[in-house]
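Derivation of every value follows stated rules applied to the coordinates shown; laboratory data play no part. Note that the coordinates shown come from a computational prediction; the quantities given were computed from them, not determined experimentally. Cβ sites come from the backbone with ideal geometry, for glycine too, and all protein chains shown count toward neighbours.
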Amino acid sequence: MLKVTKFGGSSLADSRQFAKVRRIMETDASRRVIIVSAPGKRHAKDNKITDLLYLCKAHLRYDVEYESIFKLIKERFFSIREELGLRTDLEKEFTEIRSHLSKNVSADYLASRGEYLNARLMGEYLGYQFIDAKDVIFFHYDGTLNHEKTAARLREIYDVYEHIIIPGFYGSMPNGEIKVFSRGGSDITGAIVAAALDADIYENWTDVNGILLTDPRIVPEAKPIARVTYEELRELSYRGASVLHEDTIFPVRQKDIPLNIRNTNEPDNPGTMIRESFPEEASENGSRFVTGITGRKDYSIITISKSHLSDNLYTLRKVLELFDHYKLPIAQLPSGIDCFSVVTPTADWKDRGYELLAEIQKSTGARVRVEEDEISLISVVGRQMAYRKGVSGLIFSALGENDINIRIIEQSAGEINIMIGVATEDFEKAIRVLYSSFVK
Ligand code: ASP
C-alpha cells in the first residue's frame, strides 16, 4: 500500500506546522512519498514565500532595492531550521541563490526556491531522501509535461529509495532550466507522482476539512462533502466552487486513484474523498442525495426572437457561430417556440457583446432583447439525484415558499445537476434556502 501525500503552504508555514506534518507521516507507514509547497501564511496578514519570491524578482527587474524582501524570505527558513534544531546548510543554499540574483534572473527559478528549500528542511526533519523536482519532473520545449520521461524517472527513483520527498510546483525544461506550473501547482506535482507510482491514494493535505457543500461566505455553517465523484466536481467547479485545479485531477483520475482532501490541523477528520464512482453506495441507504450547491452571479440574458424560429435552424446556428467567434461563453440556452435565450457572463458581454448584437441583427433580422446583469445561476449537484423523484419539486417549493422567483430551469440528461436561474438580488438567499432544505 502506498499513499502519496502533498502538503500545502499553510500546512508548512512554520515549525509548529512542520511538527504536525511529521506526526501525520509517522502515524501511517504507507505514507512514504511526500510533496511539499513553499511556506504559506502563518496568519491572515502574513506573506506567502512564493509571493515574496515573485516580488523579489519584480524589484530586481526594475532595479528597486530587494534586500529587505530577501531578508524576510531568509528569516522564514532560518527560523524553521533553528526551531526544529535542523542542520540543513541554508547558508550555502542562500549563497547559491544570491549568486543568481540579477536583473535577468529567471522568475521561474526564483519562484521555485520556496518549495526547494522547504523540501530540503522537511527532508532532514523526516529523514527522507530529498529528490530535486528538476531531476524527476520533465517538460517538453512547448511547456507541456513529458509524461513518459517523468513517470519512468519517478519509478526508477522509487525503486531505490523507500521514503522520498519532492518539492512541488516545478520541474525542468529539456535544457535543464527550471520551469514552474501555474500558481498552486504543487497539487499537480502530487498528482503526477501519485499516478506515476500507481499510488493507492493521493492525499492532499490543506487547512480545511475538505470541499464544502456550499460557499461558506454565504452559509458559514456549511459542512464538508464526504464523497464526491470527478463528474460532480466538474459541475461544482464549473458553476463557481473553487476546488482543485483541473490539471490536478487529470493524472489521478485517469488511473482511478482516489484523491483525499485532508486537514493538517484536524488529522482525524476523514476529509473529502474524490473518486470516479462509489460502488459501495449501492448497498447504503439514507445517505444525502445532494452533493453540493454552487452558483455564480452576474450573468446577462440575451433573448433572440423571430417568428417560425423553431422551423428554421439558421438563426440558432448563426447566433451560436457568432458567440463562438466572439469567444462569449454560453452558460445556458433556454428556448421557447419562437425565441431562445443565451445566458452569458455580464463581464464578457459588456466587453464585446454589442458588436455581436449588431451582427446578429444584420445577419438574421431577429429581434434581440438584452437583460444585462440580471441573473445568477445556481446548481444543485448530486450523483444520487438521478432517477430520484421529487428532487426538483423540493427545490421549486423551497424557493417558492421563500418568495424567490425562478427565471430559468435546466436539468442535464444525466440528472446529476439541476440548474436554476434567479434574480441576482436573490442569489445568496436562494443558496441559503436550498442548503437548509437539503442538508439536515
Ligand atoms: N507555492 C506555489 C504557490 O504559492 C505553489 C503551491 O503552493 O502549490 O502558488
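If you place +1 on the Cβ of every Lys and Arg, -1 on the Cβ of every Asp and Glu, and leave all else neutral, what size is the dipole of segment 3-131 about its Cα centre, to the nearest 20 Debye?
Once rounded to the nearest 20, the dipole reads 420 debye.
Name the long-range amide H neighbours of residue 138: under 5 Å, sequence gap of 5 or more, or other chain; modelled H, no Pro or chain starts.
When sequence neighbours closer than 5 places are left aside, the close amide H contacts are 146, 150, 172.
In whole Å, what is the distance between the alpha-carbon centres of segment 359-385 and segment 172-228?
32
Against the longest principal axis of the chain, how steep is helix 314-325, in degrees 0 to 90 to the nearest 10, with axes from Cα atoms?
20
If I build a Gaussian network model for the chain, linking alpha-carbon pairs within less than 10 angstrom, which residue out of 18, 340, 138 has the largest mean-square fluctuation?
Evaluated over the chain, the most mobile residue of the options is 340.
Any idea what log10 I(q)/I(0) is at q = 0.06, 0.09, 0.13 Å⁻¹ for the chain, Debye with uniform C-alpha scatterers and no solvent?
-0.33, -0.71, -1.16
Within segment 365-393, name every residue whose backbone N is under 16 Å away from a label modeled 7 Å from Cα of residue 401 along the Cβ vector.
Only 390-393 pass the distance filter.
What's the magnitude of the charge dipole for the chain around its Cα centre, counting Lys and Arg as +1 and Asp and Glu as -1 at the beta-carbon? Answer in Debye, nearest 20.
340
Taking the chain as the reference, fit the longest principal axis to its C-alpha atoms, fit the long axis of helix 147-160 to the helix C-alpha atoms, and give the angle between the two in degrees, 0 to 90, nearest 10.
Compared with the principal axis, the helix lies near 40 degrees.
Which part of segment 356-375 falls in the paramagnetic zone of residue 308, meaning amide N under 15 Å from the point 7 Å along Cα-to-beta-carbon?
365-366
For segment 195-332, give the magnitude of the charge dipole about the Cα centre (Cβ charges: +1 Lys/Arg, -1 Asp/Glu; no others), in debye to the nearest 20.
780
Suppose we keep just the DSSP beta bridges with both residues in the chain; what percent of those would be antiparallel, to 5?
60
Could you tell me the distance between the Cα centroids of segment 32-62 and segment 81-156, to the nearest Å?
14
Please state the relative contact order of segment 283-400 as a whole percent: Cα pairs under 8 Å, 6+ residues apart?
Once divided by the residue count of segment 283-400, the mean separation gives 43 percent.
Would you work out which of 316, 199, 269 lies farthest towards the positive end of the dipole of the chain, given +1 charges on the beta-carbon of Lys and Arg and -1 on that of Asp and Glu, about the Cα centre?
Farthest along the dipole direction, towards plus: 269.
Using the Karplus curve 6.51 cos²θ - 1.76 cosθ + 1.60 with θ = phi - 60°, work out ³J(HN,Hα) for each residue of segment 2-12 in order, rounded to whole Hz, and write x for Gly and Pro.
Values per residue, Gly and Pro as x: 10, 10, 8, 10, 10, 10, x, x, 6, 7, 10 Hz.
For the chain, find the longest principal axis of its Cα atoms and tell me its angle to the long axis of helix 67-84, 0 to 90°, nearest 10.
Tilt of helix 67-84: around 70 degrees.
Would you calculate the volume per residue, in Å³, of the smallest convex hull containing every Cα atom of segment 242-337?
About 232 Å³ per residue, rounded to a whole number.
Only helical DSSP H runs with n ≥ 4 go in: add -39500 (n - 2.57) per run for the chain, normalise by residue count and round the 222 nm mean residue ellipticity to 500 deg cm²/dmol.
Roughly -12500 deg cm²/dmol at 222 nm, from the helical runs in the chain.
Hand me the trypsin sites (Lys or Arg not before Pro) from segment 321-398 located in a DSSP loop with no more than 16 other Cβ atoms within 10 Å, in residue order please.
Counting only loop positions with at most 16 other Cβ atoms within 10 Å, the trypsin sites (Lys or Arg not before Pro) in segment 321-398 are 327, 388, 389.
Using the charge dipole of the chain (Lys, Arg: +1 at Cβ; Asp, Glu: -1 at Cβ; taken about the Cα centre), state which of 417, 64, 438 has its Cα farthest towards the positive end.
Checking the options against the dipole of the chain, the answer is 64.
Below 8 Å between Cα atoms, with a sequence gap of 6+, how large is the relative contact order for the chain in percent?
Across the chain, relative contact order equals 13 percent.
Give me, ordered by chain and number, the residues 5 or more places off residue 408 or on other chains with an amide H under 5 Å from its own placed amide H.
Under 5 Å from the amide H of residue 408: 421.
Quick one: 3J(HN,Hα) in Hz for segment 31-41, Karplus 6.51/-1.76/1.60 with θ = phi - 60°, rounded, Gly and Pro as x.
In residue order, the calculated couplings are 7, 10, 10, 10, 10, 10, 8, 7, x, x, 7 Hz.
Identify the trypsin sites (Lys or Arg not before Pro) of segment 42-150 meeting these criteria: DSSP loop state and at most 13 other C-beta atoms within 10 Å of the C-beta.
Sparse-neighbourhood loop trypsin sites (Lys or Arg not before Pro): 45, 87, 103.
Can you check what the net charge comes to around residue 334, using other residues whose Cβ is under 11 Å from the Cβ of residue 334 (Lys, Arg +1; Asp, Glu -1)?
0
Just to check I understand the Karplus step: with θ = phi - 60° and J = 6.51 cos²θ - 1.76 cosθ + 1.60, what whole-Hz values come out for segment 267-278, glycine and proline as x?
x, 7, 6, x, x, 10, 9, 10, 9, 5, 7, 10
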